[in-house]
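The structure appears right after this line, and notes come after that.
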Amino acid sequence: MALLNSEPRLGTVRRPRLLVSVDGQAVENAVSARVTSNNHYAADRFSLVVALGNTPPAAWMSSDRLIVDVGVAMDGGRASLIQGEVDQLEMDAVRRLVFLSGRDLTARLIEARTQESFSNRTASEIASLLAQRRGLSADVTQTTTPVGRYWQLQRDRITLDQFSRATTEWDLLVTLAGLEGFDVWVTGTTLHFRPARAAQATAFTLRASNGPFGRANVTGLRLERSLTLARDIEVVVKSWNARQQQAFIRIARRRRGSGRGEVQRHVYIVPNLTPDEALKLAQRRLAELTRHERVVVAEMPGELAMAPRTTIRLEGTQTDFDQEYWIDEVDRTLHVSRGFTQTLRARNASTSSQATSPAARSAAE
């Protein structure tokens, strides 16, 4: 997404304009659009309302594939919010409105069934190959392990196992991303397959109240905290390595500042890992669990800098919630008469907690 160097402030007069094209043709009578971008290994979604006016719907009603681009022009710049394919089309013949809804180009991978074995290819090679097949460019970080080695002695095992007829190319990519500690998503016409949670600069600062560093820029703010996830958490990974003929346990723990209280234990049994792979898996699972401890839901004027997988900083609540968060979801709505607004959801662990990796244990313990 192209970014605009503007920060919405309450009371500022803005003139955002909705930009919509269908199959490369500009649509002049778009009434409203809603675009939801997420960080959930799922397609981003859009919905549109278009007044018929002089727009002939005949081609839309008869086509079996419509490509939509939804964007915004604001403050002298413009940005695309989503490119995708229409899943559902409806027409209100009395009110003269057309309703379009669909997903981004992740849908091409979600709809593609596969039964192939990729035993001798690496995860990055598979990601690049599938992107090319679906007409997507590839932003892929190179990996080195052939996927057949994930199962070691089962050298002829099909990557997608015995249920391959019900598996999609997207399921395969998500599985490989999990094995490699990667993230996978689509923006525009590009498939991204990269290490998860790469360090990035904070995209935006949310201010709950006026202060020395700026004015409040949210119209609504909900703060949530899971007391269950706020306790000490321990993730245990148990594995039996068939090649090494060895069983072992690896542990990762998150402690609160006080270090007191009952420890929650989450146990995962995963065969044929190496000790290092088991430790990395424990650390990833611990990070995934703890990042749900604190959740921020903010309503605010629409802007274009925020996106899932980037971070924000919250200020002005005068509580422990004032810290950084990872953005999970941004839900933007633009209406020709009601303006441009958005709701975002972000989460993170408390910054007062500490992640540790206790010593490895043998399986006999």
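The values are calculated or read from the model by the stated rules, or taken from the named source; none is laboratory data. These figures come from a predicted structure and were not determined experimentally. All Cβ positions, glycine included, derive from the backbone under ideal geometry; neighbour counts span all protein chains shown.
Here's the yes/no breakdown for (1) in contact (Cβ under 8 Å) with a residue 60 or more places away in the chain; (2) of a type outside the set (Gly, Ala, Ser); (3) more than 21 Å from Ser350 (Cβ to Cβ); (4) assigned to a strand (DSSP E or B):
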{"position": "Leu223", "(1), (2), (3), (4)": "yes, yes, no, yes"}
{"position": "Ala230", "(1), (2), (3), (4)": "yes, no, no, no"}
{"position": "Val235", "(1), (2), (3), (4)": "no, yes, no, yes"}
{"position": "Ile249", "(1), (2), (3), (4)": "yes, yes, yes, yes"}
{"position": "Arg254", "(1), (2), (3), (4)": "yes, yes, no, yes"}
{"position": "Asp276", "(1), (2), (3), (4)": "no, yes, yes, no"}
{"position": "Glu288", "(1), (2), (3), (4)": "no, yes, no, no"}
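For region 239-256, filtering for residues that are modelled with pLDDT of 85 or more and touching a Pro at 6+ places or on another chain (Cβ under 7 Å) leaves 5.
Which one of these is under 30 Å from Ser209 (Cα atoms) and buried (at least 16 other Cβ atoms within 10 Å of the Cβ): Arg254, Arg294?
Every option except Arg294 fails the conditions.
Counting residues that are at pLDDT below 95 and either surrounded by fewer than 18 Cβ atoms within 10 Å (Cβ to Cβ) or over 28 Å from the mean Cα position of the chain (by Cα) (or both), which strands (runs of 3 or more DSSP E) fully inside region 3-114 reach at least 3? Spell out the reasoning first.
Numbers: elements: 17-22, 30-38, 45-51, 67-74, 77-92, 97-104.
So the answer is 77-92.
Being surrounded by 14 or more Cβ atoms within 10 Å (Cβ to Cβ) and under 23 Å from Ala298 (Cα atoms) is the filter; apply it to region 227-244 and report the residue that is nearest to the chain's Cα centre (by Cα). Working first, answer last.
Pass one, region 227-244, residues surrounded by 14 or more Cβ atoms within 10 Å (Cβ to Cβ): 229-241.
Keeping just the survivors that are under 23 Å from Ala298 (Cα atoms) gives 229-230.
Values: Leu229: 21, Ala230: 23 Å.
This residue is Leu229.
Looking across region 256-267, just one residue is part of a strand (DSSP E or B) and either touching a Ser or Thr at 6+ places or on another chain (Cβ under 9 Å) or among the acidic types (Asp, Glu) (or both), and that is Gln264. Looking only at region 310-355, count how many residues are within 21 Å of Gly211 (Cβ to Cβ) and among the hydrophobic types (A, V, I, L, M, F, W, C). Going through region 310-355 one residue at a time, the tally reaches 5.
Restricting the first member to region 104-120 and to residues that are within 14 Å of Trp170 (Cβ to Cβ), and the second to residues that are among the acidic types (Asp, Glu) and surrounded by 14 or more Cβ atoms within 10 Å (Cβ to Cβ), the beta-carbon pairs closer than 6 Å and six or more apart or on different chains are Asp104/Asp44; Ala107/Glu85; Leu109/Glu169; Ala112/Glu169; Thr114/Glu169.
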